[in-house]
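The values are calculated or read from the model by the stated rules, or taken from the named source; none is laboratory data. Only a predicted model underlies this, so the values are computations on that prediction, with no experimental measurement involved. Quick reminder, even Gly has a Cβ in these numbers, built from the backbone with ideal geometry, and neighbours come from all protein chains shown.
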Amino acid sequence: MVRMKLTPVEKFEILLKALHFPEPAREYRFHPTRKWRFDYAWERMAKQYIVLGSNGFIKRLWSVAVEIEGGEFVKSRHRSPIGYAKDCEKYNHAQRLGWKVYRFTPSMITEENMKWLKEEVEG
């Protein structure tokens, strides 16, 4: 039997299903005028709202987005100075619009990391 290596996106998708995540939007366009997209997004209707946490403290809930970055050790657009600056601009705008963005490299796509991400998504 030939075993094929999963791509980071395939691995992420398998873990989403295995851990029973709410269904994300894929390639989600989050900005009203720019063409920026998130790989995965879970949008809260109110964008940001405040709730009383189980510990009695007030916490702010955000819409959550995930970006699957390319390989850690390969040359890509995201690694060039211009690409990196454009990514920073995108993530800063996302923050201003009420998004919490998590960036994962391929080696970070693990069951352990997906468990805490699910907590963030579910609030």
For this session: Determine if region 30-50 includes at least one residue that is at pLDDT 80 or above, in contact with a helix residue (DSSP H, G or I) (Cβ under 7 Å, 6 or more places away or on another chain) and part of a helix (DSSP H, G or I).
Result: no
Exercise. Given (1) exposed (fewer than 14 other Cβ atoms within 10 Å of the Cβ); (2) modelled with pLDDT of 80 or more; (3) outside any helix (DSSP H, G or I), where does Tyr84 come up short, assuming only one miss?
Worked result: (3)
Problem set entry | Number of the exception - Leu15 against (1) at pLDDT below 95; (2) not in a strand (DSSP E or B) | (1)
For this session: Scan region 104-123 for residues that are at pLDDT 95 or above and charged (D, E, K, R) and report the count.
Result: 4
Problem set entry | Among (1) aromatic (Phe, Trp, Tyr); (2) part of a strand (DSSP E or B); (3) at pLDDT 90 or above - the single one Phe21 does not satisfy | (2)
Exercise. So, in region 87-123, of the ones that are acidic (Asp, Glu) and either touching a residue at least 12 places away in the same chain (Cβ under 8 Å) or surrounded by fewer than 16 Cβ atoms within 10 Å (Cβ to Cβ) (or both), which residue ends up farthest from Pro24 (Cα to Cα)?
Worked result: Glu89
